[in-house]
Amino acid sequence: MRQFNAGMLGLGDPGLTLDGEPLGKGVTKWTFECPASCMKRHLGGTKKKNKKKKNKKNTTTTAITVFAQILHMHSAGKRMSASQIRGGKVIKEAYTDYYDYRAAGSVPVRQPVVPYDILPGDSFRISCYYEDLDNSVIFGRSFRDEMCISFVWYYPEIQSFIGTCGANNDFDPDCDGPYSVTSLVDTNEMGRIFGSELDTCLDKTKNDEESGTF
């Protein structure tokens, strides 16, 4: 029998509350905040062993441990990041520099440490970058529409927590955060850190299919 059950946390717009809202023409950055009040309210009482000090009793730290994370958008999505903020400073950033919907939303997340802990008072900032040259894309539930959600899997499960934090969270006011949109000049303003590793892989697959070697 396992020691803990796992839970899932949705950050950004997990409730799809922006349904019908246009992305905006051109390149845009949508930012969603998960406020510190959310984790202050819902976290509590997880025992964690102090590994640095020998012959010491276990200390009680209020925390949950994240073991997996996915950043999810649809076909207009170009880049996405999820920042963890503690004491007013970004302590960790997960990101996908070249997002591609052909990967079905499971693009590997680049981040320095997995697993990692979330503590009371931690907040999050989810940023989704889109390109809609025709001004025809809206937020919604269809694959033709857009989403901005970071799915986080953690343990131990908090059964009293509905597991959503971000835009227009009427079910849990402590987890209701602001959101904003910024128009960018072009994709060069997306703040990409690394090259297009994913695109190279997909292009190679396409060439293999055309040559009959795949």
Cα→Cβ-extended label distance, 7 Å offset, between residue 142 and residue 93, nm
3.4
Taking 0.36 nm per residue of separation and subtracting the Cα-Cα distance, what length does fully extending residue 135 through residue 4 add?
42.5 nm
Listed residue pairs exceeding 28 Å between alpha carbons, taken from 40/92; 25/92; 29/92:
25/92
Taking H placed 1.01 Å from N in the peptide plane, check which residues at least 5 places from residue 177 or on another chain put their amide H under 5 Å from its amide H.
166, 167, 168, 169
With every protein chain left in place, what is the accessible area of residue 119 in Å² (1.4 Å probe, nearest 10)?
50
Keeping every protein chain present and rolling a 1.4 Å probe, give me the accessible area per residue for the range 80-167 in Å².
46
Testing the spin-label approximation: label points 7 Å from Cα along Cα→Cβ at residue 194 and residue 160. State their distance in nm.
4.0
Amide H contacts under 5 Å for residue 21, restricted to residues at least 5 apart in sequence or on another chain and with H modeled in the peptide plane, are 139
Averaging sequence separations of C-alpha pairs under 8 Å and six or more residues apart, then dividing by the length of the range 132-200, give the relative contact order as a whole percent.
13
For the range 75-149, what does the relative contact order come out to in percent, with C-alpha contacts under 8 Å and a separation of six or more?
37
For the range 133-144, just list the computed ³J(HN,Hα) in residue order, Karplus coefficients 6.51, -1.76 and 1.60, θ = phi - 60°, integers in Hz, with x standing in for Gly and Pro.
6, 8, 6, 10, 9, 10, 6, x, 8, 6, 5, 7
So what are the radius of gyration and Dmax for the Cα set of the range 109-171, in Å?
15.4, 45
Dipole of the range 87-182, positive end: most advanced residue of 150, 116, 171 [Cβ charges, Cα centre]
116
Ranked order, 28, 182 - accessible area, probe 1.4 Å, largest first
182, 28
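The values are calculated or read from the model by the stated rules, or taken from the named source; none is laboratory data. Here the structure is a predicted model, which is why all the values come from computation and not from measurement. Ideal geometry is used to build each Cβ from the backbone, glycine not excepted, and the neighbour counts take in all protein chains shown. For the accessible areas, the whole protein counts, side chains as well, though only heavy atoms, and no ligand, DNA or RNA atoms are used. Shrake-Rupley method; radii C 1.70, N 1.55, O 1.52, S 1.80 Å.
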